[in-house]
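The values are calculated or read from the model by the stated rules, or taken from the named source; none is laboratory data. Predicted, not measured: the structure shown is a model, and the values here were computed from it. With ideal geometry, Cβ positions are generated from the backbone for all residues, glycine too; neighbour counts draw on all protein chains shown.
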Number of protein chains: 2
Amino acid sequence: MNIGEAARLSGLSAKMIRYYEEIGLIVPDRTPGSQYRVYGTHDLHRLGFIRRARDLGFSVEQMRTLLALWQDRDRASADVKAVALAHIAELERKQAAIAAMTKTLKDLVSACHGDARPDCPIIEDFAAGP
Amino acid sequence: MNIGEAARLSGLSAKMIRYYEEIGLIVPDRTPGSQYRVYGTHDLHRLGFIRRARDLGFSVEQMRTLLALWQDRDRASADVKAVALAHIAELERKQAAIAAMTKTLKDLVSACHGDARPDCPIIEDFAAGP
DNA sequence: TCTTGACCTTCCCATGATGGGAAGCCCTAT
DNA sequence: ATAGGGCTTCCCATCATGGGAAGGTCAAGA
């Protein structure tokens, strides 16, 4: 099948599939005459893997590692788990940062009348020196 | 003062201060001869405001809005609150997305032995079709 | 058989916020 | 006067993604 159908079936955009090829994640065959990309069942399976990993927030480099581990039938499951754990740690780091911002903002928001008057603890907080 | 000291005092990098100038958030005076940027107390105050807003995750466009509201002594506190609430909503959206990824990953990780054997529920999940 | 329209190709550019680095100017202390 | 540190502008890179232009390919219908 061509890239359009592969995109539809995988849920990735054709743009991104070409990008993933450019960086070596998936390299399909080409039709001899037209140079159209041709995706077979194997490629489609690989695209599905990429899609799933991407939706779970893995970086392109992590996906590269995971794809290699997938292909390596003798890898230790510990190797896969390590990649997943590293990603979880990163997600939790981001989550903590967001939670801290949210908490501060909610405190400020709850102190603000939110009416037509100009005095506002939010702005005042921002304007207060360190 | 010059940009280096302004950077030190505000906690922003000189690079970023120049960038904020380029996009019109803060425009300092220049020394007539040398074209060095010169930051006064007013500028420093503004940089502090930017720093605080940035650390709370506001986008540059939101900072632009907030700076304008700060300068406008007649704004309604509701206007400020609306910006903050919109940002909180965005943070919570991101937080929910991260939490969903984290949950899925943790489930997969807990199902994975993480030893020397090759069978791994994580990879298997990724490889499973939609 | 020819045309039309949908699809494909490559190439360039943009995003947002940030950093790196080069080439060259300015100022101050020795 | 010279050295060194700070400043300037300019260009490039990140990461994953989308937009769009110019042009090639293919299949279906007249």
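Brief remarks follow.
Let's see how each residue does on (1) acidic (Asp, Glu); (2) over 30 Å from A:Asp79 (Cα atoms); (3) more than 8 Å from chain A (Cβ to nearest Cβ):
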position: B:Ser34; (1), (2), (3): no, yes, yes
position: B:Gln62; (1), (2), (3): no, yes, yes
position: B:Met101; (1), (2), (3): no, no, no
position: B:Asp107; (1), (2), (3): yes, no, yes
position: B:Arg117; (1), (2), (3): no, no, no
position: B:Cys120; (1), (2), (3): no, no, no
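- Within region B:72-88, being within 10 Å of chain A (Cβ to nearest Cβ) and assigned to a helix (DSSP H, G or I) holds for B:Ser77, B:Ala78, B:Asp79, B:Val80, B:Lys81, B:Ala82, B:Val83, B:Ala84, B:Leu85, B:His87, B:Ile88.
- Which numbered condition A:Gly114 misses (of (1) at pLDDT 95 or above; (2) surrounded by 15 or more Cβ atoms within 10 Å (Cβ to Cβ); (3) part of a loop (DSSP other than H, G, I, E, B)): (1)
- Test: residue in region B:12-19 that is out of contact with any His (no Cβ under 7 Å at 6 or more places or on another chain), free of Cβ contacts under 8 Å to residues at least 12 places away in the same chain and within 7 Å of another protein chain (Cβ to nearest Cβ): no
- From B:Gly57, B:Gly48, residue being at positive phi, assigned by TED's automatic domain parsing to the domain that holds B:Leu9 and surrounded by 16 or more Cβ atoms within 10 Å (Cβ to Cβ): B:Gly57
- Residues of region A:11-39 satisfying the condition of being surrounded by 11 or more Cβ atoms within 10 Å (Cβ to Cβ) and more than 10 Å from DNA strand C (Cβ to nearest atom): A:Gly11, A:Leu12, A:Ser13, A:Met16, A:Tyr20, A:Ile23, A:Leu25, A:Ile26, A:Val27, A:Asp29
- Within region B:21-43, the residues that satisfy the criterion of being touching an Asp or Glu at 6+ places or on another chain (Cβ under 9 Å) and not small (Gly, Ala, Ser) are B:Ile26, B:Val27, B:Pro28, B:Asp29, B:Arg37, B:Val38, B:Tyr39, B:Asp43.
- Residue within region B:41-57 that is in contact with a helix residue (DSSP H, G or I) (Cβ under 9 Å, 6 or more places away or on another chain), over 22 Å from A:Arg93 (Cβ atoms) and of a type in the set (Ser, Thr, Tyr) present: no
- Looking only at residues of region A:46-94 that are within 11 Å of DNA strand D (Cβ to nearest atom) and of a type in the set (S, T, N, Q), we find that the one that is farthest from B:Arg117 (Cα to Cα) is A:Ser59.
- Test for A:Met1: is it assigned to a helix (DSSP H, G or I) and touching a helix residue (DSSP H, G or I) at 6+ places or on another chain (Cβ under 9 Å): no
- Output for region B:20-45, where each listed residue is away from DNA strand D (no atom under 13 Å from the Cβ) and within 16 Å of A:Ala127 (Cα to Cα): B:Leu25, B:Gly40, B:Thr41, B:His42, B:Leu44, B:His45
- Check on B:Arg51, among the basic types (Lys, Arg) and under 30 Å from A:Thr102 (Cβ atoms): yes
- Residue in region B:123-130 that is under 30 Å from A:Phe126 (Cβ atoms) and either within 7 Å of chain A (Cβ to nearest Cβ) or in a helix (DSSP H, G or I) (or both) present: no
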